[in-house]
Each structure stands twice: as structure tokens, then as C-alpha cells.
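Undergrad: Supplied in C-alpha cells, the structure appears directly below.
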Amino acid sequence: MNGSGNGNGKENGYGKRVKVESEVARKKIKTEGEKKRRVKREQKEEEEAEEYEWWRDQNGDKDDTIRWTQLEHQGVLFPPEYVPHGVPILYDGEKVYLEPEIEELVGFFAALLETEHGANPTFQRNFFNELKLLMSKSKRKYPIKEFSRCDFRPMYEYFQKQKEEKKQMSKEEKAALLEERKMIEEKYGYCILDGRREKVGNFRIEPPGLFRGRGAHPKTGCYKRRVRAEQITINIGKDAKIPEPPKGSKWGNVIHDQTVTWLAMWKENVNDNTKYVFLAAGSSLKGQSDLKKYEKARELKKHIVRIRKDYMAALTSSDGKTRQRATALYLIDRFALRAGNEKGDDQADTVGCCSLRYEHVTFEDGKVVFDFLGKDSIRYYNKVEVHPAVYRNLVSFQRAAKTPGNLLFSLINTVELNKHLSSLMPGLSAKVFRTYNASHTFQQELEKQDVTPASSIHELTLAYNRANRQVAVLCNHQRAVAKNFSGQLSKIADRLMGLRYECRRHIDLLKPNLTDLSLADRAKYDLAPFEQACRDDPDRPITTEWLYSYFADLLTKDIERLEKKKASDATQSNLDSIEEKLASLSSELSTLNSKKEALSSSKSSKPYIPEMYRLTFNSIDKSFSTIQRLYTRIVATKTALVDKDENKTTALGTSKINYIDPRITVSWCKKFDIPVEKFFPKTLREKFKWAMHADKNFKF
């Protein structure tokens, strides 16, 4: 029998063969997929088995002046040499073509034309001074005399076009770039340290560009020149092969210093800062350094009462230097001020405790007002009550300073201060105080939070962030409110309104169906807490106009989703179905917009609901389950809204990375059964591998 109706018969060999081959192919793909996953799993297990768990092998008597015995690495990766593009700038409307070195410098500015840096007068002035300097060394004569007569837009538009072209790269081109990056990572991204393969941190030499800096930095816009091999010192084992420098060049120096942990170093030209290549944050050497830092801060607990008693007594000393030192220690301890160092005239005017000047302190209503630029030019403003002796001392120091520009703590400096601290406890410095106070404050704040193991993940997250925020405030870890912050907040608020509305709709649908139930059965479906959660925010009531916008947004998103599906994976068989749905959605959107436009003249207050979003009752249990799910989402979104608003001016990341003992977070997560991934991204989990073994009873 050869009829096509018998799809399962062997007679229909073609159809049957296709089906069999399809099943075989699927099984083969599945088998190959499982094999790949198994190999990947085994590799991961092997890597974990081989991982050096140095924290389990700590020896308190070990001499740590020698940090390694074997060190092999491939050096550093230089950025590619500049390739001229030949696009001119305009000067007084006339094209000016530039030689490669000058073109490269001008390109750095042109690329930032539409940014805050490009509009910054200091940035513009420093860049133009660098440009004039380069032009003065050129054999060519350029007409460029004034910045205001330059037009960098032709070059800016060229770079924008380049960006767009990069976005249009094919999958194959992207895959080739990814493969190239992997090869580079494999070559430069690992070293051999005492027989172990360990990850290197940032092995790439920073490309040339215009220095940006943070805050109101006086050198913003200065030219960061290209770093050459001759400027770089390589640190490597004596028996290791020295990495090859770029062709035609040689390393500035090659050393074999086992007491330091950097692999390469050089000085950048703008601020004369020394730059280093270290091992990655998750490496054994970095981990050991972090652990020692936090253990040193924990050790301070044993001495803090005595140290505080010591400096409080010294606040009233007859010796001026002793009073200044005690007052500085009080401020460093109680307000987590940095010690502060002297700065040159060409550096940002940032200060710490010892470098506070006359103008940085004022007195209001018996309180002290600190107002100065801290690290990274972040403003520190704090109006605080202090001990009466501290208040008197600060008034006295300011009177002695007489005029703005003069130091308040004129008799001490950070070197002397830290030397005194080390006499109170071995290894104690102003930095240890900061780490101690951050971790101690975080531990205390977590314990204050009104949460239990029964609290939701969203409530626990909010509690954690609130504790973290107190540390950020203490350490002055601020950030500017994002430009689009109000838009982001409004988006979350709209989402919350939508959830409240949907929950209310489902409650209104369910309520009439509960009337026939017995009192006992009706008690199982208590709607009171859900109705409470669905109440309108007085500041953002749900209006008919808002509802039209809400449904229009739903329709638009559904249309976009179907358009994507149509463009990507729609087959001929479901294409008609997609087209039909799109037509229906578009028709509803048109109807909705028409009714919205007619809203002002319409007497009806009942909004139009598109057909696909109208509710139908199925069963009591299903409706109640939907209401419960919506309620959970309402609570989560409301918590996210509060968290977002409270966190708009504080940077929580810095304290987690540098100041709070990570074991506090790990133990808290274990106590409340929260995945540590909720608070530590992969980079921090790698950095703090040693802390992941802390138990739930750990206390800082």
C-alpha cells in the first residue's frame, strides 16, 4: 500500500526514513551535548581540586618578606600603534589636515565632543595647551591659534560612523574577535607562581588619551602619552625566560625582587604616578593581603578601648602637638576621615584630616561643620556634634591658623601620626581604623535590622543595603545622582501601579464568587492584606488616562515581541498566526488611542479594555493563586523602589570591595539562607574565595 495517508507504515519509506533520521540526529546532538557538558563539568571539578586553598595552610611564623620563589610571566600587552585616518578638523571653516601624532591627540578630544568632559573649560584649556605644544614642535606651520575657532565635528562624526559600523559586525567577525581576545588572555593573563598557574590582573598597558580624573581635577584634559617598553621595569624569577619586548625596543629594566608582588611597573606622565601589574584580585597573594588587612582590623578590637582612653586623655594636654595628634585621632576614629597627605600645586585640592585648612571647618550652633574635597574630589560635608574638648581644640587650631590656606594641624603630619599609632599596636595605621570602623559599623547595623529567617528575599536585600549604606555614609562613599534617575524611578513606580491595578482587577473578579461559601471556607481566601497592598498611592492615583497609557504600553510591547519573532524564527506554518495576532493588536491599539483622544469630551468614566486583556473567571483557587503571585511582586517592586530611592547618592560597592570584612556578608547569607551571589558578583566571589568558608556564627 503506497497511500500517503499511512504515515506510520514502512511502505511510506521516504516519510518514515526522514522521521528515523530526525530522531537519530536528535539523539546524536543530545549525546554530544551531554558529552560536552560532562567534559566541562569534569574540567571544572579538576580545576577546583587543583585550586590552591592557601587559607587552609596559614603559618603564623612564616617570614613574609619573601613573597615568592618562582615567577614566570609573559610581560605586558601594548596597545596597537596609531593608524592615521586623514579626517581633518575645521578652523575658521577651513579644512586643516594634521600629521599623525597631532591627529591622534586631536582625535582623543573629538571623540569626547558631546560629553561633559568635552564641555569642561579646564579640560578644553589643558587639551589645547597640549595641542599647541605639539604643533610648536612640528616642522609644519598650522593656522590654529584659538580653541574657540576650532570645529572638531568632522572628526567626531567619523568616529560615530566607526561606532555604528562596529555594531553591524557579522557573527563571524565577532567570533573572530572573541577568539583573538581568548588567545591574548591565555598568553598574558596567567603566570606561574611557585609552581601554580595563577591569574594576572590588568596586563594591558593603558592606551594614550586625555586624562580625565575625578571631580574638579586641575589636570583634566592633559595628554597621557603612549607608554614605551623603555619606561617599563619587569619583575620576574631569575631562572625564568624574560618576555620579549616589542620589536626594535628593550625593557627599561629587568629585576628579580622576591619581596614585592608586582610583575611590571612604569610611571605615567600626567601625575607622575607609578603604575603596576599585579596578580588578579582572586590570586593567592592578593587574598593573603586582604585576609591580613581584615585580621589586623579585627586585632584592633582588643586595643580600641585603651587607645580611645589614651587619646581622649591627651585632648586636654598642655603640649600643643599632643593635643593636635589626639584631636586628629578622634576625627579619624569617630568620623572615618582619611589621614591626608600633602599635595603639589598641580594636583587636585583634596584633603584629609592632617591637611585640613582654616576654611574647611566652621562652627554652627555648638556643632562642627566639615566641608572639603576628599579623595577623588568627592565633597565631604558633615555637621556633627563632637566632644567639648575636641570642639575647643578645633576653635583654638583655627584661631592659630588665622587665615584661609593655613593648616589646622600645623604641628603634625601623617608619617608622625602613623608612627605614633604603630607604637600603640604593631601595624596600626589610620587606614586600619577606617577598615575597623567600616566592618564594625556594618556588623552592628545588620544586627539592628528588623528581619527574620522568614523574611522575604526582597526584605533581606533591603536590610543588607541599608546596613551597607550606613558604612558608605560613614566613609563618604558618595556618587552624583544619575541624570536619568527620575526616569528610572518613574519606571519602577509605573510598574508598581500596573501590578496594583492587575491585583485589584483579580480581587474584583474573585469577590462575588466567595459570597456563597461558608464562613470557614471564606476564611481560607482572606483578601484583606491583598486589598491593602492594592490601594492607590495618593501621589500617583490610577486614573482613566493612566489606564489608557498602561494598556497602550502593553499592546506596544506585545507588537514589538511578535515583530521580533516574525523577523527571527517564524516559519511559514506559524507566520499566518503571527500576522493575525499583529493585526488584532494593531487594531486594538488604534481603538485605544482613539478613545484616549476622545477622553476629555467623553462622559463615560469607565475605561476601554482591549479584548485580549479582559479577565474571565476560571476557579476560586486559580484566581486566589494569581492574586498571591501579584501580591509577592507588589512587595518586591515596592521594596526595590524604596531601595533605589534611598541609594541614589551613595556608592555601596566601594565599601564592599575595600573596607567591609567579606566574612560578615558570607555569614549573614548563611544565617538567612540567601545565596551570596545576591550581594557579591562573580568578581567579588573570586576576590574573596577565602571568605566563602566563614560559618554563620562568624563575628567581626
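Undergrad: Mind counting the residues in the range 200-238 that are surrounded by fewer than 17 Cβ atoms within 10 Å (Cβ to Cβ), outside any loop (DSSP other than H, G, I, E, B) and either out of contact with any strand residue (DSSP E or B) (no Cβ under 6 Å at 6 or more places or on another chain) or of a type in the set (Phe, Trp, Tyr) (or both)?
TA: Going through the range 200-238 one residue at a time, the tally reaches 1.
Undergrad: Confirm whether residue 661 is modelled with pLDDT of 90 or more and either over 17 Å from the mean Cα position of the chain (by Cα) or not assigned by TED's automatic domain parsing to the domain that holds residue 292 (or both).
TA: yes
Undergrad: Report, by residue number, each residue of the range 228-250 that is charged (D, E, K, R) and either within 14 Å of residue 74 (Cβ to Cβ) or out of contact with any Asp or Glu (no Cβ under 8 Å at 6 or more places or on another chain) (or both).
TA: 228, 230, 238, 239, 241, 244, 247
Undergrad: Looking only at the range 397-417, which residues are free of Cβ contacts under 8 Å to residues at least 24 places away in the same chain and within 22 Å of residue 365 (Cα to Cα)?
TA: 399, 400
Undergrad: Among the candidates 415, 384, 481, single out the residue that is closer than 22 Å to residue 322 by Cβ and either loosely packed, with under 13 Cβ neighbours inside 10 Å or among the hydroxyl-bearing types (Ser, Thr, Tyr) (or both).
TA: Selected residue: 415, the only one of 415, 384, 481 that is closer than 22 Å to residue 322 by Cβ and either loosely packed, with under 13 Cβ neighbours inside 10 Å or among the hydroxyl-bearing types (Ser, Thr, Tyr) (or both).
Undergrad: Do you know which residues across the range 256-297 are crowded, with 17+ Cβ neighbours inside 10 Å, under 20 Å from residue 74 (Cα atoms) and among the polar types (S, T, N, Q)?
TA: 261, 283, 284
Undergrad: Can you tell me which residue in the range 463-478 is surrounded by the fewest Cβ atoms within 10 Å (Cβ to Cβ), limited to those that are touching a strand residue (DSSP E or B) at 6+ places or on another chain (Cβ under 7 Å) and assigned to a loop (DSSP other than H, G, I, E, B)?
TA: The selected residue is 476.
Undergrad: Hey, another quick one. Of the residues 454, 472, 467, which is at pLDDT below 90, under 25 Å from residue 298 (Cβ atoms) and not assigned by TED's automatic domain parsing to the domain that holds residue 380?
TA: Selected residue: 472, the only one of 454, 472, 467 that is at pLDDT below 90, under 25 Å from residue 298 (Cβ atoms) and not assigned by TED's automatic domain parsing to the domain that holds residue 380.
Undergrad: Suppose we filter the range 95-121 for residues that are of a type outside the set (A, V, I, L, M, F, W, C) and within 30 Å of the chain's Cα centre (by Cα); how many remain?
TA: Qualifying residue count, the range 95-121: 8.
Undergrad: I'm told residue 574 meets every condition in (1) touching a residue at least 12 places away in the same chain (Cβ under 8 Å); (2) in a helix (DSSP H, G or I) except one. Can you identify the failing condition by its number?
TA: Result: residue 574 fails condition (1) only.
Undergrad: Can you work out which of the residues in the range 489-521 that are in contact with a helix residue (DSSP H, G or I) (Cβ under 8 Å, 6 or more places away or on another chain) and either in the same structural domain as residue 383 (by TED's automatic domain parsing) or among the β-branched types (Val, Ile, Thr) (or both) is nearest to residue 215 (Cα to Cα)?
TA: 492
Undergrad: Those residues that are of a type in the set (Asp, Glu) and either at positive phi or in contact with a helix residue (DSSP H, G or I) (Cβ under 6 Å, 6 or more places away or on another chain) (or both), I need them from the range 414-450; list them, please.
TA: Across the range 414-450, the qualifying residue is only 445.
Undergrad: Quick one: in the range 122-154, of everything that is outside any helix (DSSP H, G or I) and basic (Lys, Arg), which residue is nearest to the chain's Cα centre (by Cα)?
TA: The residue in question is 145.
Undergrad: If I ask for residues that are on the phi < 0 side of the Ramachandran plot and of a type outside the set (A, V, I, L, M, F, W, C), which ones from the range 322-340 would you list?
TA: Hits for the range 322-340 are 322, 323, 324, 325, 327, 330, 333, 334, 338.
Undergrad: Let me ask something else about it. Identify, from the list 639, 626, 654, 649, the residue that is among the β-branched types (Val, Ile, Thr), touching a Leu at 6+ places or on another chain (Cβ under 7 Å) and either within 28 Å of residue 434 (Cβ to Cβ) or in contact (Cβ under 8 Å) with a residue 12 or more places away in the chain (or both).
TA: Just a single option satisfies the conditions, and that option is 639.
The values are calculated or read from the model by the stated rules, or taken from the named source; none is laboratory data. As the structure is a computational prediction, the values presented were derived from the model and not from experiment. Note that we place each Cβ from the backbone using ideal geometry, even for glycine, and neighbour counts take in every protein chain shown.
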